[in-house]
Amino acid sequence: MDGDHLKTLILLGALLFGSPLYAAQLNLELGANSRTWQTEELLKHPQLQTITISNDVSYKRDMSYLAVPLAALLTGIKPDDHLQAVALDGFAAELAAAPLLNAKGARAWLAIEDPARPWPALSEGKHSAGPFYLVWTDPQAGNISPEQWPFEVASIKRMAPVAERFPALLPDPALKASDPVNQGFALFQKNCLACHRLNGAGDAQFGPDLNIPFNPTEYFGADFLKRYIRDPQSLRQWPQAKMPGFSAQVLPDGDLDMLVGYLKHMAGRKVKP
């Protein structure tokens, strides 16, 4: 069942039975500190506060939310841990724990949709970003990517690092750790893996595989791939397109070059699923 259908059923249940919409729950799979939070519990959290987000990534305008610092919910998580936020629609954001634990600079928050004051729809015919949405204050301070703003979040899980879970994503092991291709691999994890698989590897169920059967560096000529990453609609105008553009503020030109370098490298390391 996709996210839209699940949210519709929850809404129908609330209307039929005349009860408040407190059916939403967030599953935190954190090992010994795992727990499930209900909407009602989170709205009573002692650290709940109202925050204002300037130019929200999903709504493209300023938004105010009731939110809890995400660090307050990540009991037992250490900065070198790795987490995955899974949305109702299958979007799977891979997240290094360290930025999520920050108390200063770019700070992560879990925004909670109050059933008494529902958020607006993301677009016509769509649901809101709720019931839970990972948002950031001062994101520029941490070079936070749009892929680090998952909405309709259903669960947050502690996971093994991507390289351990999906060896088919790894560049040639003969390369030095400082090689730009390895830096591009880190950027791929941060900016692409939430929506795309590569060599069949990854947990996302959103976008196409970026190596099988062909890598985009094999069919985009000249600098068109970079233009596409910057502004997908500038090359392919499609009303239902979901890929966001990655501005130079989020993905500087040098980082974009390394990301494309990783993709070019992986075109020569195809592993059929």
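The values are calculated or read from the model by the stated rules, or taken from the named source; none is laboratory data. As the structure is a computational prediction, the values presented were derived from the model and not from experiment. Reconstructed Cβ throughout: ideal geometry from the backbone, glycine too, with neighbour counts over all protein chains shown.
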Fill in the blank from the handout: Restricted to the range 132-157 and to residues being polar (S, T, N, Q) and under 26 Å from Gln25 (Cβ atoms), the residue modelled with the lowest pLDDT is Gln148
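Every residue in the range 65-91 that is closer than 15 Å to Phe132 by Cβ, buried (at least 20 other Cβ atoms within 10 Å of the Cβ) and over 13 Å from the mean Cα position of the chain (by Cα), please. Lay out the reasoning, then the answer.
Narrowing the range 65-91 to residues closer than 15 Å to Phe132 by Cβ: 65-70, 72-74, 83-89, 91.
Checking which are buried (at least 20 other Cβ atoms within 10 Å of the Cβ) leaves us with 65, 67-70, 73-74, 83-88, 91.
If the condition is that a residue be closer than 15 Å to Phe132 by Cβ, buried (at least 20 other Cβ atoms within 10 Å of the Cβ) and over 13 Å from the mean Cα position of the chain (by Cα), then Tyr65, Ala67, Val68, Pro69, Leu70, Leu73, Leu74 are the ones that fit.
Is it the case, given these coordinates, that Gly184 is on the phi > 0 side of the Ramachandran plot and in contact (Cβ under 8 Å) with a residue 60 or more places away in the chain?
On the way: on the phi > 0 side of the Ramachandran plot: no; in contact (Cβ under 8 Å) with a residue 60 or more places away in the chain: yes.
Against the criterion (on the phi > 0 side of the Ramachandran plot and in contact (Cβ under 8 Å) with a residue 60 or more places away in the chain), Gly184 does not qualify.
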Problem - Residue ID - nearest to Lys270 (Cα to Cα), chosen from residues in the range 191-236 that are over 20 Å from the mean Cα position of the chain (by Cα) and modelled with pLDDT under 90 - result: Gly221
Exercise for the section: Would you be able to tell me the number of residues in the range 99-129 that are farther than 12 Å from Leu66 by Cα, crowded, with 17+ Cβ neighbours inside 10 Å and free of Cβ contacts under 8 Å to residues at least 60 places away in the same chain? Expected result: 8
Exercise for the section: Would you check if there is a residue in the range 87-104 being under 16 Å from Val57 (Cβ atoms), in a loop (DSSP other than H, G, I, E, B) and of a type in the set (Gly, Ala, Ser)? Expected result: no
Problem - Leu198 vs. criteria under 30 Å from Ser54 (Cα atoms), of a type in the set (A, V, I, L, M) and touching a residue at least 60 places away in the same chain (Cβ under 8 Å) - result: no
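Residue by residue through the range 129-153, note down the ones that are of a type outside the set (Asp, Glu) and in a helix (DSSP H, G or I). Break it down stepwise before answering.
Narrowing the range 129-153 to residues of a type outside the set (Asp, Glu): 129-137, 139-146, 148-151, 153.
Once the filter is applied, which keeps residues that are of a type outside the set (Asp, Glu) and in a helix (DSSP H, G or I), the range 129-153 yields Pro139, Gln140, Ala141, Gly142, Pro146, Gln148.
With the requirement that a residue be of a type in the set (A, V, I, L, M) and either outside the structural domain of Ala141 (by TED's automatic domain parsing) or assigned to a loop (DSSP other than H, G, I, E, B) (or both), what does the range 105-125 give you? I'd like the intermediate steps shown before the answer.
Within the range 105-125, the subset of a type in the set (A, V, I, L, M) is 106, 108, 110-112, 116, 121-122.
Within the range 105-125, Ala106, Ala116, Ala121, Leu122 meet the criteria.
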